[in-house]
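One structure below.
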Amino acid sequence: MKKTHADLAEKFIADEPRTNWHDDTLWFVREKRDKAAHGLPEWEQLREWASQIKNHTLSNLYNYLTEFEEKAKANGIMVHWAADGEEHNKIIHDIIRKHKIQKIVKSKSMLTEECHLNEYLQEHGIEVVDTDLGERIVQFRKEPPSHIVLPAIHLKREDVSETFHEHLQTEKGNNDPQYLTEAARQHLRHKFVQSELAITGVNFAIAETGGFVVCTNEGNADMGAHTAPVHIACMGFEKIIPKAEHLAVFLRLLARSATGQPITTYSSHFHKPRPNQEMHLVIVDNGRSRQLGREDFRNSLKCIRCAACFNTCPVYRRSGGHSYHTAVAGPIGSILNPNLDMKANADLPFASTLCGSCTNVCPVKINIHEQLWKWRQVIVAEGYVATSKKIGMEGMAFLLSKPKLYRFAGKMGIKMMKTFPALTNNKLNPWYKQREMPEPPKESFREWYLKNGKIKLKE
Ligand code: SF4
């Protein structure tokens, strides 16, 4: 049986120092985001503009995508359309076959993770090298990325040192970040120079110009695209924006929300292939049309993949990205993935406290916590929750709708907890795991309120 978020999170939190470190590290990134946001007086205005531009684009998607295709083709870019991940992978495979290519480099692209491109190519005997440092580390370890911006954030430098010792023959036990980065740089430079084909993602595609922008902090997308004779860029169709002038709004929001930087180190603009180069662009649906048609979840397509919602989420920070068992983890992943496969990802919308912090930081104003709550209702209605949860929820609904019975049950509960604490303080109670149960109160809130609340209100 497939492991759920709760099972995988349990595995992650078994290593308490790592969990605390993961939590602190991501909170540090969240604090950097706050400083960057507060440093711009027009921050809220930018968020509002970004949200409105995306809303407008999603409402006129057909027009902007066809305009983009027309302009991109006129620029000399070959445009392909893929209905799903399988078609996306086949299109790329055909281009590889046509050119008889052996050496491929790829810069970080969550879409190719979503489509499982690496696994697909590997099954067909084709090796592809991930060139983002974090991605390369997890690729060596045969793990998926655990975060969309910081793919290896679940690893400490000792883990990286061990991995590089195994794969790049670095000195055993040398954890010096400069030494390790230099080893990765030499290794990747070699791969770039040899590459015959570069695959990149797309952060923003501009309908007005037919060009697209790729944002990286390491310049690896540029290195790949500028050395290889063939460049394939892959984009989900929601990456489209109407005009070049809208880019500034998103570029100012993206890096600040992601890492607290004023701008991503490299925002590379691609408009046409250079002489003797072939440039392809694969535009992918893979469930996006379906999500666009779900009124309650349409807004999730506004996402610019900054990961601010990951960094602030108390559940993500303490359960690690791999516990979400999907390419895009965290709060936004928990909205996008049930759309792709509701049964397999039915657990994800429940992996949230619904505290609203994700909604609060989202640069494009996606109502993330409301959508998570809505998904829970859909998933329960469709019958995708465990029977134990369903029975428990129905029992609670019955109890909460009968005030007298609820008060009686509360009184009995307090008595039982006082007399037989082992009834709740046992391993069968999931709340008791890693928590102290609270002392049973002397009286219920209602009893306290009846005694004190009215008097206070009168005063
Ligand atoms: S949902 Fe919002 S905060 Fe989360 S990754 Fe997308 S844009 Fe960033």
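Considering every residue within the range 274-285, establish whether at least one is of a type in the set (S, T, N, Q), buried (at least 18 other Cβ atoms within 10 Å of the Cβ) and either away from the ligand (no atom under 13 Å from the Cβ) or closer than 24 Å to residue 339 by Cα (or both).
no
Any residue that is over 25 Å from residue 25 (Cα atoms), in contact (Cβ under 8 Å) with a residue 12 or more places away in the chain, away from the ligand (no atom under 15 Å from the Cβ) and under 15 Å from the mean Cα position of the chain (by Cα) - is there at least one of those in the range 303-324?
no
Considering every residue within the range 88-102, establish whether at least one is surrounded by 19 or more Cβ atoms within 10 Å (Cβ to Cβ) and in contact with a Cys (Cβ under 7 Å, 6 or more places away or on another chain).
Scanning the range 88-102, I find at least one residue that is surrounded by 19 or more Cβ atoms within 10 Å (Cβ to Cβ) and in contact with a Cys (Cβ under 7 Å, 6 or more places away or on another chain), so the answer is yes.
Among the residues that make up the range 375-393, is at least one of them within 15 Å of the ligand (Cβ to nearest atom), within 15 Å of the chain's Cα centre (by Cα) and of a type outside the set (Val, Ile, Thr)?
no
With the checklist (1) surrounded by fewer than 23 Cβ atoms within 10 Å (Cβ to Cβ); (2) under 23 Å from residue 85 (Cβ atoms) in hand, flag the one item residue 360 doesn't pass.
So residue 360 meets the others, but not (2).
Counting only residues that are assigned to a helix (DSSP H, G or I) and under 13 Å from residue 232 (Cα atoms), how many does the range 73-89 have?
Going through the range 73-89 one residue at a time, the tally reaches 2.
Check 196, 162, 171 and return the single one that is surrounded by 15 or more Cβ atoms within 10 Å (Cβ to Cβ) and farther than 27 Å from residue 26 by Cβ.
196
Here are 46, 26, 65, 40: which of them is open to solvent by less than 80 Å² (accessible area, probe 1.4 Å) and assigned to a loop (DSSP other than H, G, I, E, B)?
Within the list 46, 26, 65, 40, the selection yields 40.
In this structure, does residue 244 turn out to be more than 16 Å from the ligand (Cβ to nearest atom) and either surrounded by 20 or more Cβ atoms within 10 Å (Cβ to Cβ) or of a type in the set (Phe, Trp, Tyr) (or both)?
It is false that residue 244 is more than 16 Å from the ligand (Cβ to nearest atom) and either surrounded by 20 or more Cβ atoms within 10 Å (Cβ to Cβ) or of a type in the set (Phe, Trp, Tyr) (or both).
The values are calculated or read from the model by the stated rules, or taken from the named source; none is laboratory data. Worth saying up front: this structure is predicted, and the values here are computed from it rather than measured. Counting neighbours? That spans all protein chains shown, and the Cβs are built from the backbone with ideal geometry, glycine included. Areas reflect the complete protein model, heavy atoms only, side chains present, ligands, DNA and RNA absent. Shrake-Rupley method; radii C 1.70, N 1.55, O 1.52, S 1.80 Å.
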